[in-house]
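The values are calculated or read from the model by the stated rules, or taken from the named source; none is laboratory data. These numbers come from a predicted model, not from an experiment. Glycine also receives a Cβ, built like all others from the backbone with ideal geometry; neighbour counts cover every protein chain displayed. The area values use the complete protein model at the heavy-atom level, side chains included, leaving out ligands, DNA and RNA. Shrake-Rupley method; radii C 1.70, N 1.55, O 1.52, S 1.80 Å.
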Amino acid sequence: MTSFQQTLGAEEGVAEELAETQRAISIAEFFEKNKHMLGFDSGARGLVTAVKEAVDNALDATEEAGILPDIYVEIEEVGDYYRLTVEDNGPGITKEQLPKIFGKLLYGSRFHVREQNRGQQGIGISAAVLYSQLTSGKPAEITSRPKGADRAQYFELIIDTDENEPEIRAEEETTWDRPHGTRIELEMEANMRARQQLHDYVLHTAVVNPHARIELREPGLDEPLKFERATDELPAETDEIRPHPHGVELGTLLKMLKATDSHSVSGFLQGEFTRVGKKTADGIIDSFRDEHFGRELSWSSPDSHEDADVRRAVQQAVSNKGKEATADFADRIANVLEERERMSYHELETIADNAADAVEEEHPKAFGSTVRENAVEAVWAQVTGDAAAGDDGEASMGDAEANLDAETRRRADVYALIDDATSDRKDDETLDGLARRIAEKLTAETGPRDRLTLDELEDYVARSADMTEKQGDGVSIGDTARENVIEALWEISRTVPDEPPKVRSLQDDRNSASSLLEGMRSVDVMAPPTSCLAPITDGLIEAGLKKEYDADFYAASTRDADVHGGDPFIVEAGIAYGGEIAEEGSVDVMRFANRVPLVYQRGACATTDVVKSIGWRNYNLEQPGGSGIPNGPAVIMVHVASTNVPFTSESKDAVANVPAMEDEIELAIREAARELKSFLKKRQSMQQRKHKQNKLGEILPEMARKVAEVTDQDEPVFDDALARIMNNVLIERSVEANGDATTVSVTVENNSDRSESPKLTEIVTAEPRDVSDGASVTEMDGEYFLTWEPSVGGGESATLAYEIDGDAEYDLQVDGVEDPKLTVSE
Amino acid sequence: MTADTRLNEAEAREQLIDLAADIYDQMNAGDIPSMTIPTRTKSNIEYSEEEDVWVYGDRTSTRSANSVRGARKLLKAVYTVDFLAEQLDQDRSSTLRELYYLSESWDNDEAQFNDQDESNQLVEDLEIVTEVTREDFHMRPEESGAKVMGPLHLREQTNRGDREIHCQLDVGQGGYQIPNNPDTIEFLENDAEFVLCVETGGMRDRLVENGFDEEYDTIIVHLGGQPARATRRLTKRLHDELDLPVVVFTDGDPWSYRIYGSVAYGSIKSAHLSEYLATPEADFIGIQPEDIVEYDLPTDPLADSDVNALESELEDPRFQTDYWREQIELQLDIGKKSEQQALASHGLDFVTDTYLPERLEAMGHI
């Protein structure tokens, strides 16, 4: 994790550039103009924002140093002003670092780092310092004691608003009771009207940082608010990661192309992006080639009876190579063609090259590039059917017929493809018309290699379809049919083997770079690593909720990481339900981004929108109208962790409505809510069960009494009957004298339809012998503890048997079965 | 249970206590207390060739303490058994309605009945399970209402001693009132030719006023709507013991055919007692749909509920004969129904002078 205390990055951020342009009118004016964006638009809000920035920094500083945070926040009234003091037990700051961190506005190293961090823009704490200085005219007072230092340092710091430079006004050694840490004191114009938001912020911070101890004092509190630590586990450390191929924009890509040391695109992709290896890079490059060069259409190879034509074509194209070598060359090409179903121009080139190489080995003739090219051209004319059109005199056959045949092979191929690709209802004439028009365009417009990009193909198909519609009577070729035709043709097109351009040539070529970007986006790439994220994790979310809310039920879920714009993110949700949480009013929705509570602009936040869109009635919460924030005794928390949380504004109060993130938020909440639902269902069925048991508990004794009365007998014992009725787990001990010894058996009868694993502890005052399998015996002060944990399937039973000498006292304890389901009869 | 097996109080009591003992044993054995009885629906009655009546089929339903509802039912059953056993012990009797009110006095709220249907049904359940009739439990319905008029001399055991009564000579215009348990009657002598069961009170009074019973030596039995069990039991005994043919005279609508059905074949609710209550040889005299046409009787159109009832009778196993199918289809065809008293449109004496003699002759009874 990077923080102001360590890394002072060299790269200038956009925010700083922004400030540069503003510098002409002074930093104070800049602040004045932008304070609403920074969260300092009113005295009430300014105080909360200052607390927030100071606490966020304190948490980051301590965590980074591996220290469990212990944070103290105090607000005092000082005349017309408020004094804010925030202390942490972090590693402290040296004098050299200090002015830069607290003083220089908009100084931050985090802006371009892909790593989860509380503050992302480095504006926060310095803005608070400036706000305090502008409203009260007093300097920020900073006390710092680095770890191991004997004494603390005290500084007074102001920002020179003309120069945007920090200035240390006073500096002295002082004593401080904390062994290490930092204290900042700011005096500012403020008020406590936002007390509720302040308390919410601190409470929510405590929930989401169960490893932190936080104390808040403010004038309205008689007793300080203390939030204790629930775990000693610090958040996992995060790594910095390279950008993800799906997350860069063209401008960034161009910058990266300029900055890279790689020459090849493949090297560039593998070196500069995360999750790109050789295979993914090849995939991207293929896709890039398709975008950049286009693909080459492949046509069906000539049938065997057309072999003769292929051979003849080759032989005619080759001259002066001797009869034998020429025939061999023609044979080889024809043989390969026969094996192939389809053929594109560059594939044919490869075949011709291979054939020529082989012939050269066997015959003392050189097959140079001209010969090869001639052969390829001649065979290609056979494949496409162009030969029949008669470019060269020999194959020529009369004009009209020749023109008709010009696209014959292409046309027949296209016809077969679109016949397969479109619905059966298209009549033959329409299909043939469409095939003919597409084939014409391919012949006339793509050049000899039949090479074209997807855009060009789409254009040909669209034009051909339009024309066919216009010519035909009431014929329509719908969007789906067109897409199917395009897909079928693209499918048979082959990616070309041309070398992709080098990185150097891409740097200044916007179009080619854009093609590369398209390629990057069209290829599936594994989600970015999540080591750059530190989710709270479901266990600690529950712990955090448990710590601050006395509820009946807690659930939490942490989703797997997903990607938005190349930035990985993780959404987590937690729910606390029932108990001491107020029944009245709407539920509390706690929103967090990178462990920072969001307390303002609730209505603008994607989190709130998602909560509103879920049907909470299913989860036993009231929801008038079936949507909106539900009512009832619950608290819902959502945490979005990302290397770049998309906020709606600079003040970072609300998560923007990004669909991918909204989906994950919903899934996280639903996951937690599912647990809530099953809890509620279980609770309800337990209540019903309890009701039934109570009722039967009244009825059965009466029935027993009455039948005893009528039949004139003692009352029957009905506990077992009751246990069976209640599908209970029935545990019974039977004791039988067996000579001098006593045989004891404890039977677990499971009358429910689910398997149960009760934990039995039988305490006997005599030593048990011949204990049945699966049980263990421990002696303690003359008492014997038999422990037994059988797993008993629904409708089954299990027995623990043992023997003792003489008589004894028994005491049976059962755990692991819910009370209402358990009947123990000793 | 057959017509000639009569139980004394001690035996009936024994049977009831056996039921309680069953539940006792189930509880004691750790089993879930339950009581199994035949399902009492139209789909679970079947024809018994042996007895020529309709009885319950093989399907059963179980009242079990597995649910709170079932446990309550069983508790009520046990309380009722207790009450009935006590009643038999003291040789008292009570009405079904009294049982319902009496439950209010029971010490357990759960055992009290919610309505009289529930208590009536429970008594029927107990009849089935214990194989003891309600009459032998000393339970009787509110009022029998049914009366007999005709040349019949009988002796009735009342709790004020035996009475010998002639059902023409010793009774007023209203006739002899059938007791709740007709098995306390002993037939002495009779001059009767046949038994005529009449649905409505109005028609019965007309027949009596016109002296039909004297003229044709008829025992006129008033059914009063759906006949009470005592009425059906007496009718069966008149047929079985005195060998008298039985004819049933009702309105000409689907509900009245069901009255005939319960006299002749037994009712769905008390199919367990069919052998004891039903008179399979009973004939239907009218009003037949055919008569509506033939005698040009004043009619009402069939309501939707009538049509539904007729259609459901076409599927009722008890009405699966050519005769009934023909008559019901005819009625659906003409879409009309007539009451018995519609015969008065041809004069007050038409029924006794013309209609009944013609029908009885056609059926071979005179």
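Numbers for the structure displayed
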| item | result |
| --- | --- |
| Cα centroid of the stretch A:198-214 to Cα centroid of the stretch A:412-479, whole Å | 65 Å |
| Average beta carbon contacts from partner chains per residue of A:714-720, 10 Å cutoff | 5 |
| A:Ser772 paired with A:Glu240, simple spin-label distance in nm, labels 7 Å along Cα-to-beta-carbon | 6.7 nm |
| Ranked packing of A:739-747, B:120-128, most packed first, by mean Cβ within 10 Å | B:120-128, A:739-747 |
| Cα-centred dipole magnitude for the protein assembly as shown, charges only on beta-carbon of K, R (+1) and D, E (-1), debye, nearest 20 | 4960 debye |
| Mean Cβ count within 10 Å, highest first, over the residues of peptides A:723-729, A:317-323 | A:723-729, A:317-323 |
| The stretch A:166-308: Lys pairs at Cα distance under 26 angstrom, eight or more positions apart or on different chains | 4 |
| Angle between chain B longest axis and helix B:304-315 axis [Cα atoms, degrees, rounded to 10] | 80 degrees |
| Folded to 0 to 90 degrees: helix A:454-471 orientation relative to chain A principal axis, Cα | 70 degrees |
| Length released on extending from A:Ser42 to A:Gln316, taking residue separation times 0.36 nm less the Cα-Cα span | 89.7 nm |
| Separation between Cα centres of the stretch B:215-252 and the stretch A:480-550, rounded to whole Å | 93 Å |
| Exercise: per-residue mean of other protein chain Cβ atoms within 10 Å, B:102-108 | 2 |
| Relative packing of A:31-38, B:100-107, which averages over residues the other C-beta atoms within 10 Å, highest first | A:31-38, B:100-107 |
| Contact order normalised by residue count of chain B, Cα under 8 Å, 6+ apart, percent | 15 percent |
| Reach of B:Lys336 by Cα under 29 Å, taken over lysines that are not fewer than 8 positions away in the same chain | B:Lys42, B:Lys269 |
| Whichever lysines have a C-alpha closer than 22 Å to that of A:Lys652, once near sequence neighbours (fewer than 8 apart) are set aside | A:Lys33, A:Lys35, A:Lys52, A:Lys104, A:Lys612 |
| Sequence-separation-based contact order of the stretch A:728-771, relative, with Cα cut under 8 Å and 6+ spacing, percent | 34 percent |
| Summed side-chain charge close to A:Ala555 - residues other than A:Ala555 whose Cβ falls under 9 Å, Lys, Arg +1, Asp, Glu -1 | -3 |
| B versus A: buried accessible surface, summed, Å² (probe 1.4 Å, to nearest 100) | 2200 Å² |
| Partners for A:Lys706 among lysines (Cα-Cα distance below 23 Å; same-chain residues under 8 apart left out) | A:Lys692, A:Lys695, B:Lys73, B:Lys76 |
| Alpha carbon centroid spacing (whole Å) that separates the stretch A:716-764 from the stretch A:238-284 | 68 Å |
| 0 to 90° range, to nearest 10: angle between helix A:307-317 axis and chain A longest Cα axis | 60 degrees |
| Shielding by other protein chains, B:60-69, mean Cβ within 10 Å | 3 |
| Unsatisfied cross-links (Cα-Cα over 22 Å) in the set A:Lys147/A:Lys547; A:Lys323/A:Lys365; A:Lys682/A:Lys821 | A:Lys147/A:Lys547 |
